[in-house]
Number of protein chains: 2
Amino acid sequence: MQRSDRPGPLSGLLVVDMTRVLAGPFCTLLLADLGARVIKIERPGRGDDARGIGPLVEGRSAYFLSLNRGKESIALDIQARGDRAIFERLLARADVLVENFRPGVLDRLGYGADVLAARFPRLVLASISGFGQTGPFSERPAYDVVAQAMGGLMSITGPEDGAPVRVGTSIGDLAAGLFAALGIVASLRHRDRGGSAAPIDVAMLDCQVALLENAIARLAATGEVPKPLGTRHPSIAPFEAFAAADRPLVVGVGNDALFRRLAETLGVPALADDVRFTTNAARCAHLAALRAALAERFAMASCETWLARLEAAGIPCGPIQDVAQVIEHPQVRARNMIVSIQDPAGPFPVAGNPIKSPAFDDPPTRPPAPALDEGRARILAWLAEEETP
Amino acid sequence: MQRSDRPGPLSGLLVVDMTRVLAGPFCTLLLADLGARVIKIERPGRGDDARGIGPLVEGRSAYFLSLNRGKESIALDIQARGDRAIFERLLARADVLVENFRPGVLDRLGYGADVLAARFPRLVLASISGFGQTGPFSERPAYDVVAQAMGGLMSITGPEDGAPVRVGTSIGDLAAGLFAALGIVASLRHRDRGGSAAPIDVAMLDCQVALLENAIARLAATGEVPKPLGTRHPSIAPFEAFAAADRPLVVGVGNDALFRRLAETLGVPALADDVRFTTNAARCAHLAALRAALAERFAMASCETWLARLEAAGIPCGPIQDVAQVIEHPQVRARNMIVSIQDPAGPFPVAGNPIKSPAFDDPPTRPPAPALDEGRARILAWLAEEETP
């Protein structure tokens, strides 16, 4: 839908999108932001469930708007013959079909992986599900909170010695959407170099495991089960929040030279020569003493004062910004990371595309999310035109 | 390094990897898992800083092992003439150069984007940084905790009415690595279809903003600044953890039909007809009453009992698993999401590749991370062979 002279690296790609709610729509949003044309297939009548998720702005879901901007919509009843024919005409022209039904549903609709591979050999099928297309839990339903809980991320997120919490954004869905997008583009590369259009099978649970990072290594190396650690890093110190006189700030000190600079900036240079603190391993081993010594200093001045001094010394640091502060931050603005949807209900801010390149346009305004079925006439006319010999 | 009959969709791709620590190495790990050949350029003597990050297993960093499996290593002093020549011979053959220096450093080494574009027009340069290659904060240093704090994710993660916490894994780095990998493969597609090898500029801060999901929409729609919410979802209910008699479990009830089934499963079917709870909007509006009614029921039986009943009713649910439980879970095992590195110090478990496809091999064992400079002779011999007319 977006017109541009430099339209993104995936321009020319056609994605047929049967996904609903979050993981799938986030995946196809990423593809759309990279220049792909995304045609969203929705159920007649209600459409994507996300159209009903609050908060609502003039009766429209802000949640839906933010995930589906720049896509086209056509309502198709996949169990009705006429609509199946339209669906198949789209698949015949498409590069990618993305779906996030429960495993088995697409098969029962008559469009299982084998059927699609036989009839549409150029089509990359990407399936996103809670637990994956294989394995004993395959057919179970999952939402984000289940993936975060069963995948281990919840067990290591929360206050130190406290109860686990959910990551405040649906990282179970978002991670699956990201991995699926990467898998899709990789599979297209394989196809375009003469390989098959390999289907992609991404599970929310698997993606959570893939994000556990050093937690698995720590368990294997030490036998200790990782726990929530508040704001701190498990094996780098100091790397956490401290309370300045007015509000908290964070510092990340990744090596010993930085620690020396931190000690000097805080006015306690002797700390860097204290044998308890000279190496990262020593600082981790004497964490309580380290924290006490630093906390005492941070409490003596305001967040703003410390940040100015730390920045001057080249020490990674920052305030804990709330979302209102984030969207106004000069760097976030300079990077065009808050773009404006030109919605019929008025302009609406959403996150921009974080894959920046001077070679592609990155407009500050974006087309709106489609009303249900609003692209029907245009899509049918386009199909007819394409099919004319 | 990995030999396979079905070697992954990015096989044949050569990635020269100058990255250190986490965001960059995670990006190139994703590319390696998809079949690319990754040659890691390290500083002579010390190599990647991550080689020193604990926990250590027989003197080797488990952290480094898990992020660098399957890559090759060559130690090059990029400021020395002989090593620059080797580096440039690699770039002449490479598809991708990934770097996560502070913006400006690569330029000062003589390999800025313009130089590379002129000398190596087929090379996609991917730069990962804390704040990006542009904007007023561009040259500031950042580690994960800074990105999480400044990007807003920390402000919405934590106990309800409590202090913010860091996501228990370095999602600031990991998200940047994922977006960069996606950008790289997309840019390659653009190049291979006749476009330029567009450079990619990914910032940790931008990626955090891109993951804020509905938090931006909620702020814009309601004017309320999003806060930490414990384990619950901001606009879907019930969607959180409850205490069973012995330990907590999570449920995710995404629609009204599921809520009816939940009420029946809990033995309180009348709840589904209570006007306070008949719709998701009503349930969110009467959250305290909803939670009290559900909590009373969940406390009456064990986690295992409730999960069996909820699963039978098709309600998304699960236990909060710790990392030890995750790596032994039958679904995680069935999906080959814990693979074994064949390290000289013994086999070592790490997360597998979550981009599954029946078209590509997904071996349960993987080659180890390289010792510093261990690939030198092989890489130089390969270059000489390639360059022989």
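Descriptive notes on the structure:
- Scanning the stretch B:328-356 for residues that are surrounded by fewer than 24 Cβ atoms within 10 Å (Cβ to Cβ), under 17 Å from the mean Cα position of the chain (by Cα) and within 28 Å of B:Cys303 (Cα to Cα) yields a total of 1.
- Of all residues making up the stretch B:1-45, the number that are among the basic types (Lys, Arg) and in contact (Cβ under 8 Å) with a residue 60 or more places away in the chain: 3
- Top-ranked residue in the stretch A:100-156 [being acidic (Asp, Glu) and under 22 Å from B:Ile315 (Cβ atoms); ranked as nearest to the other protein chains (Cβ to nearest Cβ)]: A:Asp144
- All told, B:Arg189 meets the bar of being within 23 Å of A:Cys27 (Cα to Cα), within 7 Å of another protein chain (Cβ to nearest Cβ) and surrounded by fewer than 24 Cβ atoms within 10 Å (Cβ to Cβ).
- Output for the stretch B:79-101, where each listed residue is buried (at least 16 other Cβ atoms within 10 Å of the Cβ) and in a loop (DSSP other than H, G, I, E, B): B:Ala94, B:Asp95, B:Asn100, B:Phe101
- Residue list for the stretch A:59-71, filter: touching a residue at least 12 places away in the same chain (Cβ under 8 Å) and at the interface with chain B (Cβ under 10 Å from one of its Cβ atoms): A:Arg60, A:Ala62, A:Tyr63, A:Phe64, A:Leu65, A:Ser66, A:Leu67
- Some residue of the stretch A:89-97 being β-branched (Val, Ile, Thr) and either in contact (Cβ under 8 Å) with a residue 60 or more places away in the chain or not assigned by TED's automatic domain parsing to the domain that holds A:Cys27 (or both): yes
Every residue, every condition in (1) buried (at least 22 other Cβ atoms within 10 Å of the Cβ); (2) modelled with pLDDT under 95; (3) within 16 Å of B:Pro319 (Cα to Cα), yes or no:
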{"site": "B:Asp201", "(1), (2), (3)": "yes, no, no"}
{"site": "B:Ala217", "(1), (2), (3)": "yes, yes, no"}
{"site": "B:Val251", "(1), (2), (3)": "yes, no, yes"}
{"site": "B:Leu258", "(1), (2), (3)": "no, no, no"}
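- Pairs are defined by a Cβ separation below 7 Å, a sequence spacing of at least 6 or placement on different chains, a first member in the stretch B:325-350 that is farther than 30 Å from A:Pro141 by Cβ and touching a residue at least 60 places away in the same chain (Cβ under 8 Å), and a second member that is β-branched (Val, Ile, Thr) and part of a strand (DSSP E or B); the pairs so defined are B:Ile341/B:Val350; B:Ala345/B:Val57; B:Phe348/B:Val57; B:Phe348/B:Ile341.
- Pick from the stretch A:213-272, criterion of a type in the set (Val, Ile, Thr), assigned to a loop (DSSP other than H, G, I, E, B) and out of contact with any Gly (no Cβ under 7 Å at 6 or more places or on another chain), ranking: farthest from the other protein chains (Cβ to nearest Cβ): A:Val268
- Any hit, the stretch B:210-228, residues being within 25 Å of the chain's Cα centre (by Cα) and either hydroxyl-bearing (Ser, Thr, Tyr) or over 18 Å from B:Thr157 (Cα atoms) (or both): no
- Hey, B:Asp173 closer than 20 Å to A:His233 by Cβ, among the acidic types (Asp, Glu) and more than 7 Å from chain A (Cβ to nearest Cβ) or not: yes
- Single condition B:Phe277 does not satisfy, out of (1) over 20 Å from the mean Cα position of the chain (by Cα); (2) within 14 Å of chain A (Cβ to nearest Cβ): (2)
- The strands (runs of 3 or more DSSP E) found wholly in the stretch A:286-360 and carrying at least 2 residues that are out of contact with any Leu (no Cβ under 8 Å at 6 or more places or on another chain) occupy A:338-343, A:346-351.
The values are calculated or read from the model by the stated rules, or taken from the named source; none is laboratory data. As the structure is a prediction and not an experimental result, all values here were calculated from the model. Don't worry about glycine lacking a Cβ; one is built from the backbone with ideal geometry, like all the others, and counts go over all protein chains shown.
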